Amino acid sequence: QVQLVESGGGLVQPGGPLRLSCAASGSRFSIYAMGWYRQAPGKQRELVAIITSGGITKYADSVKGRFTISRDNAKNTVYLQMNSLKPEDTAVYSCNAASMPYVYWGQGTQVTVSS
């Protein structure tokens, strides 16, 4: 069993940065692929970025070059550094840990990009 707790969300002006963190409880964090997803009001949840247990990363086209996912296995934490934020990045961001067949989700953190 893995519990995930996101933090770092909030209100930020367009063009600004924000860093999200997702802390995982339990052991064997390093074996999980970790992902960040987001869901805007009235829209389906979408993948933002993932990082495998081996450190390979993948990003949605909409965030490439602006967002960076990273992980610190010693701290059982995955990060999402978000730069050059746009109003369309406004959503609830959730992290996900996956090692099939097991998948775990955090409760989410709100990110609002507005002036």
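The values are calculated or read from the model by the stated rules, or taken from the named source; none is laboratory data. Predicted model, so just to flag it, every value in this text is computed and none were measured. Please note: Cβ atoms are built from the backbone with ideal geometry, for glycine as well, and neighbour counts cover all protein chains shown. Calculation scope for accessible area: heavy atoms of the full protein, side chains included, ligands and nucleic acids excluded. Shrake-Rupley method; radii C 1.70, N 1.55, O 1.52, S 1.80 Å.
Computed quantities for the displayed model
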item	result
Long-range amide H partners of ARG71 with built H, under 5 Å	TYR79
Sites GLN39 and ALA74 - FRET efficiency at Förster radius 25 Å, r taken between beta-carbons, to 0.05	0.25
Probe 1.4 Å - accessible area at ARG71, Å² to nearest ten	40 Å²
Apportionment of accessible area to carbon and sulfur, region 1-58, percent (1.4 Å)	49 percent
Whole-number accessible area per residue in Å² for the chain, which is evaluated in the context of all protein chains at 1.4 Å	54 Å²
Rounded accessible area of VAL103 (nearest 10 Å², 1.4 Å probe)	60 Å²
For region 1-21 versus region 24-63, the gap between their alpha-carbon centres in whole angstrom	13 Å
The chain - Kirkwood radius from inverse mean 1/r over Cα pairs (Å)	14.0 Å
R0 of 35 Å, Cβ-Cβ distance THR52-SER115: FRET efficiency to nearest 0.05	0.45
Rounded to 5, the percent of DSSP beta bridges in the chain classed as antiparallel	95 percent
